[in-house]
Amino acid sequence: MPMVDVYAAAGTFSDSHQLAVDLASAVMQVEQVPDIAMFRKNTAAFVHDLPADSLSNVDGDSSYVRVQVLTNAGALDREKQLALVSRLTEIVARRRLGAGRARQHQCRAGDGRPRRARRPARPGQLAAVGSAGRPAGRFSRPS
């Protein structure tokens, strides 16, 4: 059962519910599962509003958005993983207040090492998106 978790400072999104609906729908579309109740009720997204002082980079900027996708191992091949990162980036950027655009910051390989989303990995190098509880992707506002 795929799950999407979005972590951001409170007030980052004007309509968290619609963001959750859009993200869950995108996961279903990219996975290419049938549009039936079983999948619709078991694919979910959760938007976590955090106090702005609870997240930061080294310079003190707290305008980051973290998106984590958990799915069963093998549910997404490499092509679908890349498509999902791109699609979720687009949705987060569109729903974010005051954002011109977002950039794909990084995704993690199955061994936990950072890997740029646009740099292709060798076959078998990237595990299922978000497997083993590792972050599937982080998105941030360009500086």
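Bear in mind that the values in this text are calculations on the coordinates, not laboratory data. Quick caveat: nothing in here was measured; it's all calculated off a predicted structure. When we count neighbours, we look across all protein chains shown, and the Cβ atoms used for this are built from the backbone with ideal geometry, even at glycine.
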Expected output for region 63-79 (first residue closer than 25 Å to residue 12 by Cα, partner small (Gly, Ala, Ser) and part of a loop (DSSP other than H, G, I, E, B), Cβ below 6 Å, 6+ apart or cross-chain) is 68/130; 68/136; 69/130; 69/136; 70/130
Given the structure, is residue 18 touching a residue at least 40 places away in the same chain (Cβ under 8 Å) and closer than 18 Å to residue 85 by Cβ?
no
Return the residue satisfying two criteria in turn: it lies in region 1-57 and is among the aromatic types (Phe, Trp, Tyr) and under 18 Å from the mean Cα position of the chain (by Cα), and of such residues it is surrounded by the most Cβ atoms within 10 Å (Cβ to Cβ).
13
With the condition kept exactly as written, say whether any residue in region 33-46 is among the polar types (S, T, N, Q), under 17 Å from residue 81 (Cβ atoms) and in contact (Cβ under 8 Å) with a residue 24 or more places away in the chain.
yes
